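Worksheet for the structure shown next.
No lab work stands behind these numbers, since they all come straight from the coordinates. Model, not experiment: these values are computed from the prediction. We place every Cβ from the backbone using ideal geometry, glycine too, and count neighbours over all the protein chains shown.
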Amino acid sequence: MTGSLFKGNFWSADILSTIGYDSIIQHLNNGRKNCKEFEDFLKERAAIEERYGRDLLSLSRKKPCGQSEINTLKQALEVFKQQVDSVAQCHIQLAQSLREEARKMEEFREKQKLQRKKTELIMDAVHKQKSLQFKKTMDAKKNYKQKCRDKDEAEQAVNRSANLVNQKQQEKLFVKLATSKTAVEDSDKAYMLHVSTLDKVREEWQSEHIKACEVFEAQECERINFFRNALWLHVNQLSQQCVTSDEMYEKVRKSLEMCSIQKDIEYFVNQRKTGQIPPAPIMYENFYSPQRNAAPPGKATGPNLARRGPLPIPKSSPDDPDYALVNDYSLLYQ
């Protein structure tokens, strides 16, 4: 950077004006404020990352997540919990990195503040000196003009008194004229001296103004570069966090690829099987059958009998009270 833009564009035709210098200072103050705002942003983001990391860590370690799963799915869940834990740790580490970047920004701001302070003190001094000398010069000019007017009046008085016969009055007028001429010469010398001094002060101020412009422009270039790089680094950190998290989640995906539905079913069967023979049918037992107590309930293996046994064959005539015929049907009285 040449530092030529500031020194070529922040002047004023008014010798007392500091509008150009003030404009630069205001811009630098805004830049410093912007750095402070980004510093605070980093600190807030760090707090968010740490809070999120610790909450995620607590979730991973304290909250059950498929704890009764078995075999390959259980292994995948264990990998999942481990990687969530790792992601949480990464967010906590990111928070520390962000705080470190905020600290660097603060140090940079303070460094530029101290550098500026030296130049600002010099500029404040030359501004004060320029204003003071300008006032002295203007006072000297005013005094010089007044002495010139006094001399002119004295000359006019002498000319008017040329026809006066009062010798004493004429002598007084000539003395006053001589005195006024001497005063004019003295005030003229003082005025020229102040003008010369003011010009030296102006040249000194102008030189310091150029130096200040070069210093401030270099500082602003440095600040913009530092701010830009800090923001670039911040975004890279966030991108890296995403990449790292995705790598960790990829491990979970790979563990899920190893999960076998068939193996988990077989594993469950082998670990928890209770037998391969189902229960036998529950058989009917006729109360009148001599074999009704042969097999315990639930274990009957005989043929499935009807709900009632066959009707007894009548041994008596149709008039037997045990039977009564109704057309072609017989009813058993119970």
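Tabulated data
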{"quantity": "Assigned charges on the beta-carbon of Lys, Arg, Asp, Glu; the stretch 18-272 dipole about Cα centre (debye)", "calculated": "1080 debye"}
{"quantity": "Label zone at Arg103 (point 7 Å along Cα-to-Cβ), backbone N below 16 Å, the stretch 33-62", "calculated": "39-40, 42-44, 46-47"}
{"quantity": "Nearest-0.05 FRET efficiency for Lys118 and Thr244, computed from C-beta distance (R0 35 Å)", "calculated": "0.20"}
{"quantity": "In Hz, Karplus ³J(HN,Hα) per residue of the stretch 90-107 (6.51, -1.76, 1.60; θ = phi - 60°; x = Gly, Pro)", "calculated": "5, 5, 5, 5, 4, 4, 5, 5, 5, 5, 5, 5, 5, 5, 5, 5, 5, 4"}
{"quantity": "Charge-dipole axis of the chain as Lys and Arg at +1 and Asp and Glu at -1 on Cβ define it, positive-most pick from Val84, Ala140, Ser187", "calculated": "Ser187"}
{"quantity": "Contact order relative to length of the chain, as percent, for alpha carbon pairs under 8 angstrom and 6 or more apart", "calculated": "23 percent"}
{"quantity": "Cross-link reach list, aspartates and glutamates versus Lys135, counting only Cα pairs under 15 Å and skipping chain neighbours closer than eight places", "calculated": "Asp14, Asp199"}
{"quantity": "Label-point gap, in nm, between Ser207 and Asp55 - each point 7 angstrom along Cα→Cβ", "calculated": "6.3 nm"}
{"quantity": "Cα→Cβ-extended label distance, 7 Å offset, between Lys254 and Glu171, nm", "calculated": "12.3 nm"}
{"quantity": "Cα-based helix-to-principal-axis angle, 261-272 vs the chain, degrees rounded to 10", "calculated": "60 degrees"}
{"quantity": "Spatial separation of Cα centroids for the stretch 211-233 and the stretch 81-124, in angstrom", "calculated": "16 Å"}
{"quantity": "From the coordinates shown, Rg/Rh (Cα atoms, Kirkwood Rh) corresponds to which of (1) 0.93; (2) 1.72; (3) 0.96", "calculated": "(2)"}
{"quantity": "Long-range lysine pairs (8 or more apart or interchain), the stretch 62-133, Cα under 30 Å", "calculated": "15"}
